[in-house]
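The structure under discussion appears below in the form of structure tokens.
Every number here is computed from the coordinates shown, using simple stated rules; none is lab data. It should be emphasised that the depicted structure is a prediction, and the values quoted were computed from it without experimental measurement. Methodologically, a virtual Cβ is constructed for each residue, glycine included, from the backbone with ideal geometry; neighbour enumeration extends over all protein chains shown.
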Amino acid sequence: MSEKITIGALLNTTYEGLPFVKGMRRLHPDDNIVAIISPRTVLTEEETALVDEVLRLEISPVRMILRGKVVETLSTLRARKFDLFLVRFSTLKLRLLAVLVAPRHCELWLPNGSMIPASTSFMGTCLQYFARRWSGVRLHLKAFWNAYMRPIRKG
């Protein structure tokens, strides 16, 4: 008989949360599932019954930084030593959070029902995050330049 694994499920929204939780329980009927939710998120009774434990932590990167809870949140999640970490949406911020938790495996569960293994490489995820961040900054700078600094040609 195989050993129980600990699964951390990052539920950053309750939109279609019940099918996600049911799917987790169907694939991992005997394993320990920990739902990680924001303090503002409300789980239904059915969702709560399907998970073994609910962890209420600040998972928004911006709110974690503003409230000074980055180290506290990450140390709480790292202490769990998750074997599998599930992320509901494939945003770079959530993937970066998943990498910082340092699970053995990470999967992205997309809204269309597909499951994609995600890289747990810190450097690869960070480089991708900052490349996208820089492209957004460049876009804003270019718009500012075009709106305020570019000379208007007569004629």
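Taking each DSSP H run with n ≥ 4 as -39500 (n - 2.57) and averaging over every residue of the chain yields -13000 deg cm²/dmol at 222 nm. Could you work out how far helix 17-27 tilts from the main Cα principal axis of the chain, as a 0 to 90 degree angle to the nearest 10? So the helix axis and the longest Cα principal axis differ by about 50 degrees.
Listed by chain and number, the aspartates and glutamates whose C-alpha is less than 12 Å from the C-alpha of LYS69, apart from same-chain residues fewer than 8 away, are GLU58.
Remark on CYS106: its backbone amide H falls under 5 Å from those of PHE85, ALA118, a criterion applied only to residues 5 or more positions apart or on other chains, H modelled at 1.01 Å from N. Mean sequence separation of contacting Cα pairs (under 8 Å, at least six apart), scaled by the length of the chain, corresponds to a relative contact order of 18 percent.
In the elastic network of the chain, a GNM with C-alpha springs shorter than 10 Å, the most mobile of ARG138, ARG88, ARG104 is ARG138.
Comparing Cα centroids, the stretch 66-102 and the stretch 24-51 end up 17 angstrom apart.
Here LYS69, LYS22 are placed in order of increasing Cβ neighbour count within 10 Å, fewest first, which gives LYS22, LYS69. Whole-Hz Karplus values for the stretch 66-81 come out as 5, 8, x, 10, 5, 5, 4, 5, 5, 5, 5, 6, 5, 5, 6, 6 Hz, taken residue by residue from phi with 6.51 cos²θ - 1.76 cosθ + 1.60 and θ = phi - 60°; glycine and proline positions read x. Taking PHE85, PHE20, PHE144 as the candidate residues, the one with maximal mean-square fluctuation in a Gaussian network model of the chain, Cα springs under 10 Å, is PHE144.
Partner aspartates and glutamates whose Cα lies under 13 Å from the Cα of LYS142, excluding those fewer than 8 positions away in the same chain, are not found. Neighbour counts of other Cβ atoms within 10 Å put VAL71, VAL51 in the fewest-to-most order VAL71, VAL51. Ranking SER75, THR44, THR6 by Cα position along the charge dipole of the stretch 6-120, where only Lys, Arg, Asp and Glu carry charges on their C-beta atoms, puts SER75 farthest toward the positive end. Ordering GLU45, GLU72, GLU107 from the fewest to the most neighbouring beta carbons within 10 Å gives GLU45, GLU72, GLU107.
Principal-axis analysis of the Cα atoms of the chain puts helix 122-144 at an angle of about 30° to the longest axis.
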